[in-house]
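Heads up: the structure comes next, in structure tokens.
The values are calculated or read from the model by the stated rules, or taken from the named source; none is laboratory data. Remember, it's a predicted structure, so these values are computed and weren't measured experimentally. Cβ sites come from the backbone with ideal geometry, for glycine too, and all protein chains shown count toward neighbours. In case anyone asks, the SASA skips ligands and DNA or RNA and just uses the protein heavy atoms, side chains included. Shrake-Rupley method; radii C 1.70, N 1.55, O 1.52, S 1.80 Å.
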Amino acid sequence: MDQIIQDVRFGWRLLRRSPGFTIAAVLALALGVGATTAVFTLLDRVVLRPLPYPDPERLLMVWETNDAKRLSHERLSPVNFMDYRGLSQVFDDAAAWWYPQLNLTETGRDPMRVASIETSANFFAVVGVQPVLGAGFAATPFFSREAVVVISDRLWRQRFDGDPRIVGRVITLNSQPYTVAGVMPAGFHYPDDTDVWQRLQWDLTQHSRGAHFMESLFRLKPGTTIDQANAELRALTVRLGREHAATNADWRARAAPLAHEIEGYVRPALFALFGAAAFLLIITCTNVASLLLARATVREREVAVRAAIGASRGRLVRQFLTESIILAAIGSTLGAVVAVVAVKGMVAASPVPLPRVSGGVGLDARVLLFVGAVAAATAIAFGLVPALFMARGRGGDFQRPLQDAGRGADAGGSRRAARSVLVVAEVCLAVMLLVGAALLARGFQHLVEQDPGFRASRVVAVNLELPYSYSDFRKIADFYSQLLSAIRSQPGVAGAGATTFLPLDAAWRLPFVVGGRPRPSASDMPQAQQQVVDEDYFRTIGVPLLKGRFFDPRDTADAPGVVLINEALARREWPDGDPLGETVTTFVRFVGPMGTMLMPPMTKFQIVGVISNVKNQSLVGETEPAIYFTYRQFSFRGLHLVVQGPADQAQLVSAVRTALARLDPNLPLASARTLQQVIGTATDRPRALMLLMGIFASMALVLAGLGIYSVLSFGVSQRRQELSVRMALGAQPRDLVWLVVRQGMMLTIAGAAAGAAGALALGRTLASLVEGVSTLDVTAFVAAISVALVTAVAACLLPARRAAALDPIEGLRAQ
């Protein structure tokens, strides 16, 4: 113990005597450890920790898929769900829900939209979380006409002031009375930040197998695996496809862990960022190891003296490792501080909502243990190689450094080779990160350059949901007609329209039949996205009409049925003809309780116009074929109102509120956002990943540049005699500049070649995360490698200028 204490004191004194080296090493370690710890903190909180439910590994979500229609993540048909729930050999139980839009109204208070689901009675039992106040839903029956709800702790405290008598109280949702049956624990909002859980009021078996709109949660039986569950689901769906070919042909079901569904895109993105941070930490370690090797060369005489007076190799190794541990401890402590600041900044600045961070993210015991492990690993990683090099002497001969003292020769080709290998490794990892950042930047550029098919500037969208008291759908159409007219008359409003789905959101994918053609089988029936708009929607968002006309106020339920189609559908169904005047028939008369067709069943709708394509699933993907109905003939309670004008967002939203207050002051608006924000949402994920990867790549590039500079600078100082001799024999300054730059560039080129090869694998990972990223983007590779080469040249020039400025007489005299 006395020897260890002596080693620590001695190591601390040496580090204090070299403040430049110590500060550079500590700051590099703080950046590397801080970045890695920050990403690990988020990864641990969002991904690695189990969900806060009993036996979370047994919780699954089931989705329906259809390869023929290229659908891989569809919600369930309620009737199919009941069949899946019956697989008692693999599932203990299952709950299902859908998302109604509920307005909470109270006398004397502003109305508000509440996030809600309507779910089966067993929902809380399947999740494994029960209310902290009240009994919740009765376990049976599965559905009930009883109007009861459970509310979140957040809603209870914010809207009802934490009233302990809330259980049994009647509240008004969509103009209907509901009894509060319970309050959930603080922080519980599953799924999708829910505040109100409404009991399911209708029989799932009395619906259509062709309607896919419910989500579900299944609990596996103990000892059952997800593979077994998927095998049973596949066998069942194959049978259902045979028995119900009209609705279930080609449809399958797959189960996925609940944790993966909650984490979504964030899960692979955080793993990718953690890999980038790990690369940065490795670069940091190689950089510090390079500095230690250079410093160790200067200390050869010291080591030789200590060995000559009896120090063992083990003692020498321990001394060098002690110095490394001191550096790692200081750097990791400072890195923990950096991590705290970085985590808060990442959470606050992230354009993508991060799951499971609502309670705040900080350094806990798990993260501190990670920091300690990183500190130990880094101390060994960057300290062991220099320690072994120094402790072994030169071929076991500790006398030669004493004899060579003062000659200034570079101490050993093996050490030069080791430093060169470390620099190559730094450049390799830096180039990989640079290429990754460049690929993401190119993918992001590809996204933002896409034409969405509409004009996003100065257009605001707000959502309005009429309560169930609006039961006459003809009157609903009249209400929206009056509201839109009132909005258009407001100051600062140039246009207003309505739609069931905003751009970039997929509408209902439903079958249809073209008039005059043989009716295909159910499995071969064409499908298109179908949505409802008003007559001014496309003019408001700047979508051009290619043929025919837009809807007209005269296209009412008493007039002939009419539809618009997009260019994609026109090209698919009439590649060589004119679709105007053709008819289509849809088989859907109702879409849930929120909308109904006001025309007789099997009405033939005449195509009166073709509009330009509007992106209706993503910015990068192809526009899907679409059919548009007028809200006067297919009316909905819930619509998005779009308002365009020279006024700013607040003024446009205020115009909508003013017009709405005149018709029904108890109706709240929700989700106010501009169409530019709608587009921004589609690019938020790649933008966030690109920025973070770019930060890591920039830090790695700086560290790699410092590594090149330190190796060449030290090499120049150690080769002063050789360089002086060269100049005395006639070498020009430019020759020495080229000599040094060539050495640095050879290391850089070797590292860049290895990094480019590694970036191919990294590119495949990034392409799976972000749409539009190409794994073989030549421009991205060339740009990244060029930046690395320019940085390397800059790092080489200072040592090269020092070499060129040597005075040969002074250099020889110093030796």
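Looking across segment 467-494, the residues that are farther than 15 Å from Ala557 by Cα and either outside any helix (DSSP H, G or I) or among the β-branched types (Val, Ile, Thr) (or both) come down to Pro467, Tyr468, Ser469, Tyr470, Ser471, Ile487, Ser489, Gln490, Pro491, Gly492, Val493, Ala494. Has segment 661-672 got at least one residue that is without any contact (Cβ under 8 Å) to a residue 24 or more places away in the chain, surrounded by fewer than 16 Cβ atoms within 10 Å (Cβ to Cβ), closer than 20 Å to Arg488 by Cβ and within 33 Å of the chain's Cα centre (by Cα)? No, because not a single residue in segment 661-672 is without any contact (Cβ under 8 Å) to a residue 24 or more places away in the chain, surrounded by fewer than 16 Cβ atoms within 10 Å (Cβ to Cβ), closer than 20 Å to Arg488 by Cβ and within 33 Å of the chain's Cα centre (by Cα). Put simply, of Val448, Val462, Val435 the only residue that is of a type in the set (A, V, I, L, M), under 37 Å from the mean Cα position of the chain (by Cα) and at pLDDT 95 or above is Val462. Pairs meeting the criteria (first residue in segment 247-261 and closer than 20 Å to Val127 by Cβ, second residue in a helix (DSSP H, G or I), beta carbons under 6 Å, at least 6 apart or on different chains) are Ala255/Ile226; Ala255/Ala229; Ala255/Asn230. Among the residues of segment 129-148, those identified as closer than 15 Å to Gly182 by Cα and either assigned to a strand (DSSP E or B) or touching a residue at least 60 places away in the same chain (Cβ under 8 Å) (or both) are Val129, Leu133, Phe137, Val148. For segment 488-503, indicate whether the set of residues that are open to solvent by 10 Å² or more (accessible area, probe 1.4 Å), closer than 18 Å to Ala626 by Cβ and either among the acidic types (Asp, Glu) or touching a Cys at 6+ places or on another chain (Cβ under 7 Å) (or both) is non-empty. No: zero hits. The residues listed here are Leu60, Leu42, Leu27; of these, the one that is in a helix (DSSP H, G or I) and crowded, with 20+ Cβ neighbours inside 10 Å is Leu42. Give the residues of segment 748-761 that are open to solvent by less than 30 Å² (accessible area, probe 1.4 Å) and under 13 Å from Ser774 (Cβ atoms), sorted by residue number. Within segment 748-761, just Ala759 meets the criteria. Among the conditions (1) modelled with pLDDT under 95; (2) open to solvent by 20 Å² or more (accessible area, probe 1.4 Å); (3) part of a strand (DSSP E or B), the only one that Glu622 does not satisfy is (3). When restricted to residues that are modelled with pLDDT of 85 or more, of a type in the set (D, E, K, R) and out of contact with any strand residue (DSSP E or B) (no Cβ under 9 Å at 6 or more places or on another chain), segment 506-527 contains 1. Considering the conditions (1) under 19 Å from Thr107 (Cα atoms); (2) open to solvent by less than 40 Å² (accessible area, probe 1.4 Å); (3) touching an Asp or Glu at 6+ places or on another chain (Cβ under 9 Å); (4) among the charged types (D, E, K, R), Asp163 is excluded by exactly one of them, (3). Within segment 55-113, the set of residues being more than 29 Å from the chain's Cα centre (by Cα), of a type in the set (S, T, N, Q) and within 29 Å of Pro467 (Cα to Cα) comprises Asn80, Asn103, Thr105, Thr107. Residues in segment 83-110 that are farther than 15 Å from Phe123 by Cβ and of a type in the set (A, V, I, L, M) were compared, and the one that is surrounded by the most Cβ atoms within 10 Å (Cβ to Cβ) is Leu102.
Would you tally the residues in segment 157-178 being part of a loop (DSSP other than H, G, I, E, B) and among the polar types (S, T, N, Q)?
Number of matching residues: 2.
Considering each residue of segment 593-610, count those that are touching an Asp or Glu at 6+ places or on another chain (Cβ under 7 Å) and under 26 Å from Val678 (Cα atoms), and give that number. Residues meeting the conditions: 1. Once segment 673-716 is narrowed to residues that are in a helix (DSSP H, G or I) and hydroxyl-bearing (Ser, Thr, Tyr), the residue that is surrounded by the fewest Cβ atoms within 10 Å (Cβ to Cβ) is Thr681. For segment 762-773, a residue qualifies if it is part of a helix (DSSP H, G or I) and open to solvent by less than 50 Å² (accessible area, probe 1.4 Å), and the qualifying residues are Leu762, Gly763, Leu766, Ala767, Leu769. Among residues of segment 219-234 that are open to solvent by less than 60 Å² (accessible area, probe 1.4 Å), those with a Cβ under 9 angstrom from a residue that is of a type in the set (Phe, Trp, Tyr), sequence gap 6+ or separate chain, pair up as Arg219/Phe91; Leu220/Phe91; Thr224/Phe91; Ala229/Phe91; Ala229/Phe218; Leu233/Tyr84. A count restricted to segment 550-581 and to residues that are surrounded by fewer than 19 Cβ atoms within 10 Å (Cβ to Cβ), in contact with a strand residue (DSSP E or B) (Cβ under 9 Å, 6 or more places away or on another chain) and within 26 Å of Phe473 (Cα to Cα) stands at 4. The C-beta contact set for segment 104-126 (first residue part of a helix (DSSP H, G or I), second residue modelled with pLDDT under 90, distance under 7 angstrom, 6+ apart or interchain) comprises Ala125/Ala139.
Scanning for something closer than 19 Å to Thr140 by Cα and among the β-branched types (Val, Ile, Thr), does segment 189-211 turn up at least one residue? Among the residues of segment 189-211, at least one is closer than 19 Å to Thr140 by Cα and among the β-branched types (Val, Ile, Thr), which makes the answer yes. For Val79, which of the numbered conditions (1) among the hydrophobic types (A, V, I, L, M, F, W, C); (2) assigned to a helix (DSSP H, G or I); (3) out of contact with any Leu (no Cβ under 6 Å at 6 or more places or on another chain); (4) over 30 Å from Gln527 (Cβ atoms) fails to hold? Evaluating Val79 over (1) among the hydrophobic types (A, V, I, L, M, F, W, C); (2) assigned to a helix (DSSP H, G or I); (3) out of contact with any Leu (no Cβ under 6 Å at 6 or more places or on another chain); (4) over 30 Å from Gln527 (Cβ atoms) leaves (4) as the failure. Selection of segment 243-269 for residues being of a type in the set (A, V, I, L, M), surrounded by 18 or more Cβ atoms within 10 Å (Cβ to Cβ) and more than 23 Å from Gln228 (Cα to Cα) yields Val266, Ala269. State yes or no: is Arg109 farther than 23 Å from Arg85 by Cα and charged (D, E, K, R)? Criteria met by Arg109. For first residues located in segment 350-373 and within 26 Å of Tyr190 (Cα to Cα), partners that are part of a loop (DSSP other than H, G, I, E, B) and β-branched (Val, Ile, Thr) and lie 6+ apart or on another chain with Cβ distances below 9 Å form the pairs Leu354/Val361.
Is it the case, given these coordinates, that Arg318 is at pLDDT 80 or above and of a type in the set (Lys, Arg)?
no
Against the condition open to solvent by 10 Å² or more (accessible area, probe 1.4 Å), more than 19 Å from Gly331 (Cβ to Cβ) and more than 21 Å from the chain's Cα centre (by Cα), how does Arg16 come out, does it pass? Judged against the criteria, Arg16 is not a match.
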